[in-house]
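Inspection log for the structure reproduced underneath, given as C-alpha coordinates.
The values are calculated or read from the model by the stated rules, or taken from the named source; none is laboratory data. Every value quoted in this text rests on a predicted model; they were computed, and no experiment measured them. Using ideal geometry, Cβ is built from the backbone for each residue, glycine included, and neighbour counts are taken over all protein chains shown. Accessible surface areas use protein heavy atoms only, side chains included; no ligands, DNA or RNA. Shrake-Rupley method; radii C 1.70, N 1.55, O 1.52, S 1.80 Å.
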Amino acid sequence: MKKSFLAFLAIILLTGISCQKKADIEADKQAFKQAWAKLSKDWDMNIKAGEQIKNTNHYTEDAIRIDNGKIYSGKEGIGKLLR
(Lines give C-alpha, C1' and ligand atoms only; values in the text may rest on other atoms or scores of the structure.)
Protein backbone atom coordinates (compact mmCIF):
# COMPACT_ATOMS: atom_id res chain seq x y z
CA MET A 1 0.00 0.00 0.00
CA LYS A 2 2.79 2.38 0.96
CA LYS A 3 4.73 1.68 -2.25
CA SER A 4 1.62 2.25 -4.35
CA PHE A 5 0.97 5.58 -2.65
CA LEU A 6 4.59 6.72 -3.12
CA ALA A 7 4.52 5.69 -6.80
CA PHE A 8 1.25 7.56 -7.29
CA LEU A 9 2.67 10.63 -5.54
CA ALA A 10 5.82 10.51 -7.69
CA ILE A 11 3.74 10.33 -10.88
CA ILE A 12 1.63 13.31 -9.81
CA LEU A 13 4.71 15.36 -8.92
CA LEU A 14 6.49 14.53 -12.17
CA THR A 15 3.38 15.34 -14.18
CA GLY A 16 3.05 18.71 -12.42
CA ILE A 17 6.71 19.56 -12.99
CA SER A 18 6.64 18.61 -16.66
CA CYS A 19 3.55 20.76 -17.31
CA GLN A 20 5.11 23.98 -16.09
CA LYS A 21 5.43 26.80 -18.58
CA LYS A 22 8.95 27.19 -19.91
CA ALA A 23 10.62 30.55 -19.37
CA ASP A 24 11.12 32.67 -22.47
CA ILE A 25 14.65 33.91 -21.80
CA GLU A 26 14.89 35.95 -24.99
CA ALA A 27 11.64 37.78 -24.26
CA ASP A 28 12.85 38.46 -20.71
CA LYS A 29 16.15 39.82 -22.04
CA GLN A 30 14.33 42.09 -24.48
CA ALA A 31 11.96 43.36 -21.79
CA PHE A 32 14.91 44.08 -19.49
CA LYS A 33 16.76 45.96 -22.25
CA GLN A 34 13.68 48.08 -22.97
CA ALA A 35 13.12 48.87 -19.30
CA TRP A 36 16.79 49.74 -18.82
CA ALA A 37 16.77 52.02 -21.88
CA LYS A 38 13.69 53.87 -20.55
CA LEU A 39 15.22 54.23 -17.09
CA SER A 40 18.46 55.54 -18.55
CA LYS A 41 16.64 58.01 -20.81
CA ASP A 42 14.46 59.30 -17.94
CA TRP A 43 17.51 59.59 -15.67
CA ASP A 44 19.47 61.60 -18.24
CA MET A 45 16.49 63.87 -19.05
CA ASN A 46 16.05 64.69 -15.34
CA ILE A 47 19.73 65.57 -15.00
CA LYS A 48 19.74 67.74 -18.15
CA ALA A 49 16.61 69.55 -16.89
CA GLY A 50 18.26 70.18 -13.51
CA GLU A 51 15.69 68.02 -11.75
CA GLN A 52 17.93 65.28 -10.34
CA ILE A 53 15.59 64.97 -7.33
CA LYS A 54 13.09 63.19 -9.62
CA ASN A 55 15.58 60.35 -9.93
CA THR A 56 14.81 59.35 -6.34
CA ASN A 57 11.62 57.79 -7.75
CA HIS A 58 13.81 55.04 -9.19
CA TYR A 59 14.94 53.96 -5.70
CA THR A 60 13.07 51.85 -3.17
CA GLU A 61 12.46 52.91 0.43
CA ASP A 62 15.23 50.59 1.61
CA ALA A 63 17.74 51.47 -1.12
CA ILE A 64 21.38 52.17 -0.27
CA ARG A 65 23.74 54.31 -2.33
CA ILE A 66 27.41 54.89 -1.60
CA ASP A 67 28.93 58.06 -3.01
CA ASN A 68 32.52 59.10 -2.23
CA GLY A 69 32.61 56.74 0.76
CA LYS A 70 29.45 58.19 2.35
CA ILE A 71 26.38 55.96 2.69
CA TYR A 72 22.92 57.28 1.83
CA SER A 73 19.91 55.12 2.64
CA GLY A 74 16.29 55.25 1.55
CA LYS A 75 14.64 57.65 -0.86
CA GLU A 76 14.98 60.51 1.60
CA GLY A 77 18.69 59.99 2.18
CA ILE A 78 19.43 59.56 -1.50
CA GLY A 79 17.31 62.60 -2.23
CA LYS A 80 19.63 64.67 -0.03
CA LEU A 81 22.54 63.51 -2.19
CA LEU A 82 20.77 64.39 -5.43
CA ARG A 83 19.75 67.91 -4.36
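So here's what we get for this one:
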item: Segments 24-32, 36-44 sorted - mean Cβ within 10 Å per residue, highest first; result: 36-44, 24-32
item: Cα centre as origin, Lys/Arg/Asp/Glu Cβ charges: the chain dipole, Debye; result: 220 debye
item: Approximate spin-label separation E61-A27, in nm, with each point projected 7 Å along Cα-to-Cβ; result: 3.3 nm
item: Cα point-scatterer Debye curve for the chain, base-10 log of I(q)/I(0) at q = 0.15, 0.21 Å⁻¹; result: -0.71, -1.00
item: Whole-percent carbon and sulfur share, accessible surface of the chain, 1.4 Å; result: 61 percent
item: Label-point separation, S73 to K41 (7 Å along Cα→Cβ), nm; result: 3.6 nm
item: Sum of -39500 (n - 2.57) over DSSP H runs of 4+, divided by residues of the chain (222 nm, nearest 500); result: -20000 deg cm²/dmol
item: Relative contact order (percent, whole number), the chain, Cα cutoff 8 Å, 6+ residue spacing; result: 18 percent
item: Candidate lysines for bridging to K33, where Cα separation is under 26 Å - those fewer than 8 sequence places away on the same chain excluded; result: K21, K22, K41, K48, K54, K75
